[in-house]
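Below is one structure, written out as structure tokens; the observations come after it.
Where a number appears in this text, it was derived from the coordinates with a stated rule and is not lab data. Everything quoted here is computed from the prediction, not taken from an experiment. Cβ placement follows ideal geometry from the backbone for every residue including glycine, while neighbour counts extend to all protein chains displayed.
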Ligand SMILES: [Fe+2]
């Protein structure tokens, strides 16, 4: 099943790559970071695969966002924000029609929800937001902060982590943020496998450093973390 889904994701990603290469590159990085975090948390293989796919596809709705908005220098105005904010629902529709399962579609639909209910499209709050979504939304934010935007400089890994940590427990799930803070800096850099191309196999070098996680291994999640993630 994984290989079928990966093949399908490759096809969708190829379309995104063609139309929105910068969004596709962002999606690959978010997927790699999310998978690294999921591996560190010791999550099950099928859960990791769902996270990988959901993260790869989370912004696919931006294929339908007008170019004049995505390519506009500077911040979008209020009306443009409304159009931009439609991309999770558009993305969910694309994924649903492409045959991805409900959990993948849920990640796509809710990746801009925030634990304090300030997100969109449905203003869900913790703990209603599924834990897989919470992982992808934190890593989505992390990559956005550490990437260049027309309207601001990219932040360092340390600065981005500090900024996200300030919103732990409000916007972001504190357990996910604790995982982000514990990840070694080397695992928060894009690797060669995060570049455009085929999606890497879970055990491939793009996602797990040569030699495995080794010294990077975090303590196994305790009961409190497991409860938070369930
Ligand atoms: Fe998004």
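Computed FRET efficiency, Cβ-Cβ of residue 178 and residue 152, R0 41 Å: what is it to the nearest 0.05?
On the way: r = 26 Å, r/R0 = 0.64.
For residue 178 and residue 152, the calculated efficiency is 0.95.
P(r) tail for the stretch 30-71, what percent of Cα pairs lie past 12 Å?
Across the stretch 30-71, Cα pairs with separations above 12 Å total 61 percent.
Tell me the Kirkwood hydrodynamic radius of the stretch 57-108 in angstroms, computed as one over the mean inverse distance between distinct C-alpha pairs.
Roughly 11.4 Å, rounded to one decimal.
Under the classification rounded if a/c is under 1.5, otherwise prolate if a/b is larger than b/c and oblate if not, where does the stretch 71-142 fall, given a ≥ b ≥ c as square roots of the Cα gyration tensor eigenvalues?
Taking the square roots of the gyration eigenvalues as a ≥ b ≥ c, the stretch 71-142 is oblate.
At q = 0.11, 0.15 Å⁻¹, what base-10 log of I(q)/I(0) does the Debye formula yield for the stretch 1-155 when every alpha carbon is treated as an equal point scatterer in vacuo?
For the stretch 1-155 at q = 0.11, 0.15 Å⁻¹, log10 I(q)/I(0) is -0.40, -0.76.
Could you give me D for the stretch 137-178, from Stokes-Einstein at 20 °C and 1.002 mPa s, where the hydrodynamic radius is the Kirkwood radius over C-alpha pairs? Units µm² s⁻¹, please.
On the way: Rh = 10.4 Å.
Stokes-Einstein gives a translational diffusion coefficient of 206 µm²/s.
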